[in-house]
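Single-structure report; data block below.
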Amino acid sequence: MEILRKISKVLDIVVFVATTLAIAGVFYEGMTLKWYGFVGILVICMDYSFMPTTIIHLITDRKDKSIWFHVFSMVMIIIAVVMKIAGIDYPAVTLVMWYFYIWFLYGILIVRTYRKQV
């Protein structure tokens, strides 16, 4: 279990960096009013690093107060997958809120880990 906790701390940083780059890319697209292919890759990296990290946190943090954020994240992932399969489009505002939710959540997890070490 301790190895999984160490892996989750590394993955927290990966998710935070991937989310930061995805948010920056989306805003850059908005500022230039152009579509860039690399932004889609950044979003995919964010999503596919976030999903397994959430599952790992559900396993490692099951006795922690933060478990409810990970349960919420998992429920939202399931809803997003069902919407994708059903062909329902996501409103743009929900995507922006989702990006910032992930960004703040993993930023807080990184700060919390750092504070415990100091």
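The values are calculated or read from the model by the stated rules, or taken from the named source; none is laboratory data. All figures in this text were calculated on a predicted structure; none of them were measured in a lab. So basically every Cβ, Gly included, is an ideal-geometry build from the backbone, and we count neighbours across all protein chains shown. For accessibility, only protein heavy atoms count, side chains too; no ligands or nucleic acids. Shrake-Rupley method; radii C 1.70, N 1.55, O 1.52, S 1.80 Å.
At most 16 other Cβ atoms within 10 Å and a DSSP loop assignment: could you name the chymotrypsin sites (Phe, Trp or Tyr not before Pro) in the stretch 1-104 that fit?
Details: sites: PHE16, PHE27, TYR28, TRP35, TYR36, PHE38, TYR48, PHE50, TRP68, PHE69, PHE72, TRP98, TYR99, PHE100, TYR101, TRP103, PHE104; in loops: TRP35, TYR36.
Those that pass, being in a loop and sparsely packed, are TRP35, TYR36.
Considering only protein heavy atoms and a probe of 1.4 Å, how much of the accessible area of the stretch 37-118 is carbon and sulfur, as a whole percent?
On the way: 4240 of 5560 Å².
Carbon and sulfur: 76 percent of the exposed surface of the stretch 37-118.
Let's test the formula: R0 of 22 Å, r as the Cβ-Cβ distance of ILE78 and VAL14. What FRET efficiency results, to the nearest 0.05?
Numbers: r = 22 Å, r/R0 = 1.01.
So, using R0 = 22 Å, E works out to roughly 0.50.
Would you work out which of ALA18, HIS57, ILE77 lies farthest towards the positive end of the dipole of the chain? Charges go on Cβ: Lys and Arg +1, Asp and Glu -1.
Result: HIS57, furthest along the dipole toward the positive end.
Counting only heavy atoms of the protein chains, get the accessible area per residue of the chain (1.4 Å probe) and round it to a whole Å² value.
68 Å²
Identify all lysines with a Cα-Cα distance to LYS65 below 16 Å; exclude those on the same chain that are fewer than 8 residues away in sequence.
Reachable lysines: LYS116.
Which percent of Cα pairs goes in each bin when the distances of the chain are cut into 10 angstrom slices starting at zero?
13, 43, 32, 11, 2
Determine how many Å³ per residue the convex hull of the Cα atoms of the stretch 16-71 encloses. Don't skip to the answer; put the middle values down first.
Working: hull volume 4.3 nm³, N = 56.
Considering the Cα atoms of the stretch 16-71, their hull volume per residue is 77 Å³.
List the lysines whose Cα lies under 28 Å from the Cα of LYS34, skipping any in the same chain that are fewer than 8 positions away.
Filter leaves LYS84.
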